[in-house]
Amino acid sequence: MQNAVDLPALIDQYGDALYRTCCLYLKDRHLAQDALQDTFLKVYTGYASLRETQSLRPWMVRIAINVCKDYLRKSRFFIVDSEQANRGEAVRDNSALFRDNTVSAAIAALKPKYKDVILLYYYHECKQREIARILRIPEGTVAVRLKRARDQLKTKLKGWYEHEYEG
């Protein structure tokens with residue numbers, strides 16, 4: 001692995017996918033932008049430690065997920081919408097940003113262990129073996145979590161798309 005990192009090239013290649021991951025995780029576009037910046041900062045500073053046996057994309061996705069989890073753990077991060085900001089109120093849920101995209105809202109509402117596998121499998125096109133390596137869990141656990149996540153999404157999205165075919 002090279003010691004130097006071409007950060008602009010990494011941002012061009014992976015920035016959109018990592019940003020979507022952060023948005024779905026944090027349910028806030030502005031906080032996701034901050035998380036994305038922190039992710040690329042960690043990628044830049046940790047790039048030299050990337051082993052030759054590690055793939056770049058899964059390594060970066062893992063960093064992004066960990067950054068998002070850190071943001072969610074820190075109580076100093078409050079998600080505020082403009083009306084509440086004018087009233088001086090802060091809230092922790094900004095799911096209104098996702099009301100226009102039912103699928104994104106359903107994914108964002110999943111428990112983190114299910115959200116992780118869905119994001120890695122569908123958004124980052126990782127194979128189950130690769131997901132197991134990234135999350136440091138057995139491959140069988142990945143399969144079970146994917147099934148459970150799909151079942152939950154199927155339940156949440158039932159009827160959402162069916163109206164398009166009625167007629």
- Message: As an exercise: evaluate T45 against (1) part of a helix (DSSP H, G or I); (2) surrounded by 12 or more Cβ atoms within 10 Å (Cβ to Cβ); (3) at pLDDT 85 or above and give the number of the one condition it does not meet.
- Response: (2)
- Task: State all residues of the stretch 113-158 that are β-branched (V, I, T), closer than 23 Å to Q54 by Cβ and either surrounded by fewer than 17 Cβ atoms within 10 Å (Cβ to Cβ) or over 13 Å from the mean Cα position of the chain (by Cα) (or both); if no residue qualifies, say none.
- Result: I131, I134, I137, T141, V142
- Message: Give all pairs with beta carbons closer than 7 Å in which a residue from the stretch 141-153 that is more than 15 Å from A105 (Cα to Cα) and of a type in the set (A, V, I, L, M) meets a residue that is modelled with pLDDT of 95 or more and loosely packed, with under 15 Cβ neighbours inside 10 Å; count only pairs at least 6 apart in sequence or on separate chains.
- Response: none
- Task: For the stretch 23-42, name all the residues that are part of a helix (DSSP H, G or I), out of contact with any Lys or Arg (no Cβ under 9 Å at 6 or more places or on another chain) and touching a residue at least 12 places away in the same chain (Cβ under 8 Å).
- Result: L26, R29, L31, Q33, D34, A35, L36, D38, T39, F40, K42
- Name the single residue, out of those in the stretch 2-28 being surrounded by 15 or more Cβ atoms within 10 Å (Cβ to Cβ) and modelled with pLDDT under 90, that is farthest from C126 (Cα to Cα). D28
- Item | Any hit, the stretch 110-131, residues being in contact with an Asp or Glu (Cβ under 7 Å, 6 or more places away or on another chain) and either at pLDDT 70 or above or in a helix (DSSP H, G or I) (or both) | yes
- Within the bounds of the stretch 61-72, is there any residue that is assigned to a loop (DSSP other than H, G, I, E, B), farther than 14 Å from I11 by Cα and either modelled with pLDDT of 90 or more or in contact with a Leu (Cβ under 8 Å, 6 or more places away or on another chain) (or both)? no
- Among R57, R20, which is the only one that is of a type in the set (K, R) and under 22 Å from K111 (Cβ atoms)? R20
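The values are calculated or read from the model by the stated rules, or taken from the named source; none is laboratory data. From a predicted model like this one, the values you see are computed outputs, not experimental measurements. Here Cβ is always computed from backbone atoms with ideal geometry, including for glycine, and neighbour counts include all displayed protein chains.
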